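Any read-out appearing in this document is the output of simple, stated calculations on the displayed coordinates, not a laboratory observation. Computed from a prediction, not measured in an experiment: that's the story for all the values here. Cβ atoms come from the backbone with ideal geometry, glycine included; neighbour counts cover every protein chain shown.
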Amino acid sequence: MDAIQDFNTLGSIRTTKYGETFEGFKKGVDNEEPLSPMAQLLHEPGSNVYIICFIGFKTKIRPDVIKENLVNTVVKNRRFSSLQVRDKSNGSMKWIPTHVNIDDHVIIAEQDPNIKSPEKFVENYILNLSRSGIESTKPLWDVHLIDVKTSEAKGTCVFRCHHSIGDGISLTNLLLSCTRKVSDPDSVPTIPGMDRLGAAKVANLWSRLGVFWNTFVALLMFALTGLFLEDTKSPIKGSKGVEDRPRRFVTRSLSLEDIKFVKRAMNVTFTDVVLGVTEAGMYRYIRGRYNDKNMDSPHNMRIRATIPFNLRTTMKIDDFTHKDEDGTWGNKIGYSLLPFDIRFRKDPLDYVRHANATMKRKKASLEPLFTYYFTKLVIMLFGTKVTGELTHKVVHKTTLIFSNIPGPQDEITLFGHKVAYLAPSCYGQPYALMINVVSYMDKVMFVMSVDEETIPDPQKLCDAFEESLRNIKASA
């Protein structure tokens, strides 16, 4: 499998054995510890986000096996065995270690004996999870086991945790530490390594000037967005209060080989192809919504995605689980605003070419670093409440959030259960649409988190993405 280019620019992932102790806090800290400012920010209104990942199993779920392994792995990470308690005197929050009763965290879904559509049952169960959070009287994570056979899996495991525990990279690595290759049960999965964003972009004066210019323009757009610049009202842009509404999660598996075919034919990256498919798919979907209302086809629309960038140097589970001094655990991500050009293109390959040109500018920019450190500076000067309001003001003026994570190349097992698919996402974010793209074996999974008041027909959106890839491949 080709190395997959990703916004996170990951290093090679290495994982630990099942029984090793997972710390997640600074070495030597045994008692309570304050939450980091970034973690506290994720409790502010508009930023109160939960990460959710549903995992399809090819084998029947064995709850006792999963519970036993969770106790020996995840629970040993003190972020997963500590309460988050707010100090009433000053409003700050602390991690306070507590005893974990695994039965409080592993929920076996009640089955309806008259299930007509297993897929819809699972989909609705996960939607209902997004209606609420997790009680603060226990560590902010849980696992739901849905022993219902669908077309893609014999059972579904849903892992949910509050974003303050860690970002997607931290949690992905913790999850991978609990998996093994099917072909070699003693080996852990690996992900191809990639260079850090922009590391090779400043080799000479001209490239340094390019990085300076791209960074200046990007930060100017951030500032203008905070002041007045808002995306066009469209069928995929959420309204006020969208972060408080439940989410429907839908998925669509596309062929990794089809994406790699376009990648090789056009000499672009995996991410370029995925973004080209996304831009073409959104145009196709929005055009369909406009046609239903007898409106003209979309043109001159401002639609932007907020893109999270991983700012870590490497991706290694040993670091993530044993120490926190270097920021390997927690939330160490910057953001970038990515514009989409939503319009008809006679040549479908132009969608990929536009994505390639846009990503070249983004990769030759320090925008994610500046947004990360600027956020920390605002927190230090004005506190998390003001920072939360400012962050919400900026991101709510954009349309969607997009994330692309490469997954394991080999078939894997999780606590002895063969994995059919991995589908990570979030809820609580101030967008009507979140798109997560994750590869696993020979498939690329598009995971959509949608607000149904804004996007009532998410399967049509998935159809638009699938048809767009088909057209792009046919033209390559």
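Placing a label point 7 Å from the Cα of Ala357 along the Cα-to-Cβ direction, the residues of the range 327-350 whose backbone N falls under 15 Å of that point are 339-350. Net charge dipole, the chain: roughly 1020 debye, given to the nearest 20, about the Cα centre with Cβ charges of +1 for Lys and Arg and -1 for Asp and Glu.
Peptides 335-344, 303-312 ranked from most to least packed, by the mean per-residue count of other Cβ atoms within 10 Å: 303-312, 335-344. Scoring 436-449, 111-124 by mean Cβ neighbours within 10 Å over their residues and listing the highest first yields 436-449, 111-124. Is the shape of the range 33-475 rounded, prolate or oblate, going by the alpha carbon gyration tensor and its root eigenvalues a ≥ b ≥ c, with a/c under 1.5 for rounded and a/b larger than b/c for prolate? Judged from the Cα gyration tensor, the range 33-475 comes out rounded (a/c under 1.5).
Please give the per residue volume of the convex hull enclosing the alpha carbon atoms of the range 325-476, rounded to a whole number of Å³. Can you show the working numbers first?
Values: hull volume 27.4 nm³, N = 152.
Convex hull of Cα atoms, per residue: 181 Å³.
By the helix-only formula, in which each DSSP H run with n ≥ 4 contributes -39500 (n - 2.57) and the sum is divided by residues, the chain has a 222 nm mean residue ellipticity of -11000 deg cm²/dmol. Taking a straight Cα-Cα cut-off under 29 Å and skipping sequence neighbours fewer than 8 places away in the same chain, the lysines within cross-link reach of Lys120 are Lys58, Lys60, Lys67, Lys149, Lys154, Lys237, Lys240, Lys293, Lys418, Lys443, Lys460.
Take every DSSP beta bridge whose two residues both sit in the chain, then give the antiparallel share in percent to the nearest 5. Let's see the in-between values first.
Numbers: 58 of 69 bridges.
Of all bridge pairs located within the chain, approximately 85 percent are antiparallel.
Ranked by the mean number of other Cβ atoms within 10 Å of their residues, highest first, the peptides 377-383, 425-431 come out as 425-431, 377-383.
Taking amide H positions as modeled 1.01 Å from N, with prolines and chain starts lacking one, the residues under 5 Å from Arg302 and 5 or more places away or on another chain are Thr232. Span-like helix check, the chain: qualifying full DSSP H segments, with Cα axial length of 18 Å or more and mean Kyte-Doolittle of 1.0 or more, are 205-227.
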